[in-house]
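To start, the structure under review is shown below, and the notes come after it.
We did not get these values from a lab; they are worked out from the coordinates using the rules stated. Just so it is clear, the model here is predicted, and its values are computed rather than measured. Glycine gets a Cβ as well: all are built from the backbone with ideal geometry, and neighbour counts include every protein chain shown.
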Amino acid sequence: MLSFNIMVESESPQLDTLFNALGDPTRRDMLRQLAEGERTVTELAAPYDMSLAAASRHIKVLESAGLIQREVRWRTHYCRLNAGPLAAAQDWLAFYERFWTTRLDILDRLLREEDAKSRPPPAPPRPHPEPPGDKS
């Protein structure tokens with residue numbers, strides 16, 4: 001657990017930037033578009049009621065988080081997804097997934113134990129009647 005805390009502390013600025021970029025629904029949608037393939041800035045901006053300048057600001061936030069790479073060909077800016085930084089977010093989330101899974105498993109066990117204590121003991125088995133005519 002100590003190694004995780006050291007990793008989180010040392011990567012905190014990176015995670016802050018990453019979660020800030022992922023915190024906006026427009027930027028998350030842009031990442032979804034880029035997961036399907038390369039897009040121009042104009043193509044990324046098209047689904048939204050915003051100027052190219054506003055779309056460019058969103059793209060710059062994604063770039064600063066390392067989530068996209070932009071390449072200029074002639075006068076056109078092309079963007080590609082770089083999913084690598086998402087691994088740091090996944091690692092951070094996985095720690096808390098394990099934390100809550102452990103806690104919920106303990107709660108489940110305690111509830112089952114409580115439930116078992118509150119149940120009445122099982123009734124003793126009833127003797128089976130002998131079938132008629134089978135008396136020796």
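Numerical summary
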quantity	calculated
Flag if A116 is in a helix (DSSP H, G or I), among the small types (G, A, S) and over 23 Å from L18 (Cα atoms)	yes
Hits in segment 37-66 (condition: among the hydrophobic types (A, V, I, L, M, F, W, C) and in contact with a strand residue (DSSP E or B) (Cβ under 7 Å, 6 or more places away or on another chain))	V41, L44, I59, L62
Set A83, A123, A55: member being in a helix (DSSP H, G or I) and small (G, A, S)	A55
Whichever residue in segment 77-87 is of a type outside the set (S, T, N, Q) and under 13 Å from L34 (Cα atoms) and, among such residues, is nearest to the chain's Cα centre (by Cα)	A83
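Residues are listed down the side, and each one gets a yes or a no for (1) more than 20 Å from E36 (Cβ to Cβ); (2) loosely packed, with under 10 Cβ neighbours inside 10 Å; (3) acidic (D, E):
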site: L62; (1), (2), (3): no, no, no
site: L67; (1), (2), (3): no, no, no
site: R73; (1), (2), (3): no, yes, no
site: A89; (1), (2), (3): yes, no, no
site: Y96; (1), (2), (3): yes, yes, no
site: T102; (1), (2), (3): yes, no, no
site: D105; (1), (2), (3): yes, no, yes
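For every residue, the table says whether it meets (1) touching a strand residue (DSSP E or B) at 6+ places or on another chain (Cβ under 6 Å); (2) in a helix (DSSP H, G or I); (3) of a type in the set (A, V, I, L, M).
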{"site": "E71", "(1), (2), (3)": "yes, no, no"}
{"site": "A87", "(1), (2), (3)": "no, yes, yes"}
{"site": "Q90", "(1), (2), (3)": "no, yes, no"}
{"site": "A94", "(1), (2), (3)": "no, yes, yes"}
{"site": "F99", "(1), (2), (3)": "no, yes, no"}
{"site": "H128", "(1), (2), (3)": "no, no, no"}
